[in-house]
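What follows is a short report on a single structure.
The values are calculated or read from the model by the stated rules, or taken from the named source; none is laboratory data. Note that the coordinates shown come from a computational prediction; the quantities given were computed from them, not determined experimentally. Positions of Cβ are backbone-derived with ideal geometry, glycine not excepted, and every protein chain shown enters the neighbour counts. In case anyone asks, the SASA skips ligands and DNA or RNA and just uses the protein heavy atoms, side chains included. Shrake-Rupley method; radii C 1.70, N 1.55, O 1.52, S 1.80 Å.
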Amino acid sequence: MNWKKLAFLLLGASLLLSLLSGCGGKKNAEPPVETLPAAQPSPEEETGGAADLGSLASFTAGTLDGESFTQDNVAAKDITVLNFWALTCPPCIAEMPEIAAFEKALPDNVAMVTVCLDGYGNEDSVQEILDNAGFEGVTLLSGDGDLLDLANHLMYTPTTVLANSDGTLVGEAIIGGQADLSATYLEAVNQALTAGGKEEISLENP
């Protein structure tokens, strides 16, 4: 077993620990002891400082398609939106069609990526959900470095964060299902763009 495969296996185990923190309305679920915060936020449409979760300046991830995704892919875009979800999280799956529509409507300088925390070893289930939702973007199943650190600090799924081209997490983490996902994501993206001196975007197929 080479070191990359070992790292991916370790990631899978670590990401599964993140899922213990709950999904949707499971407020009684406990996160791993080593990441237990002073206070747990509600998973219902809450936000929090994404910068507190770390950065994405250095990592290597494996995609559902068997390719690699690294900080270089993040650097190629002004903003990369990452949605962390799980097969065991019904609200995550329910919002996937909206994520798919949002991804299709984005201009070239913004990317929408999903990260399935329990997808490694369950690729067929992940693919079925994405196909049903119509999601055609990149989905990550494994990784190391900053991506692993970020996943280990998540409290709930779904959680969405934004990274700028140097891997810095910007704005606020979007936690829980959103009443108007497209509007929430677009506002977050435009705030991140203007904070970095970039022009705002509009969705190409609203």
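Taken over the stretch 165-206, the criterion of being among the acidic types (Asp, Glu) and buried (at least 19 other Cβ atoms within 10 Å of the Cβ) is satisfied by GLU172 alone. Selection of the stretch 140-164 for residues being open to solvent by 30 Å² or more (accessible area, probe 1.4 Å) and part of a helix (DSSP H, G or I) yields GLY145, ASP146, LEU148, ASP149, ASN152.
Residue-level analysis places GLU200 outside the set of residues that are among the acidic types (Asp, Glu), assigned to a loop (DSSP other than H, G, I, E, B), in contact with an Asp or Glu (Cβ under 9 Å, 6 or more places away or on another chain) and farther than 18 Å from CYS89 by Cα. Scanning the stretch 132-143 for residues that are closer than 20 Å to ALA101 by Cα and under 18 Å from the mean Cα position of the chain (by Cα) yields a total of 8. Out of PRO107, PRO97, one residue alone is out of contact with any strand residue (DSSP E or B) (no Cβ under 9 Å at 6 or more places or on another chain), under 15 Å from VAL189 (Cβ atoms), modelled with pLDDT of 95 or more and open to solvent by 10 Å² or more (accessible area, probe 1.4 Å). It is PRO107. Once the stretch 27-56 is narrowed to residues that are at pLDDT 50 or above and open to solvent by 50 Å² or more (accessible area, probe 1.4 Å), the residue that is nearest to TYR185 (Cα to Cα) is ALA51.
Selection over the stretch 176-195 of residues that are modelled with pLDDT under 95 and within 20 Å of LEU154 (Cβ to Cβ) gives a count of 3.
Limited to the stretch 111-138, what total is found for residues that are of a type outside the set (Phe, Trp, Tyr), touching a residue at least 60 places away in the same chain (Cβ under 8 Å) and surrounded by fewer than 23 Cβ atoms within 10 Å (Cβ to Cβ)? Final tally of qualifying residues: 6.
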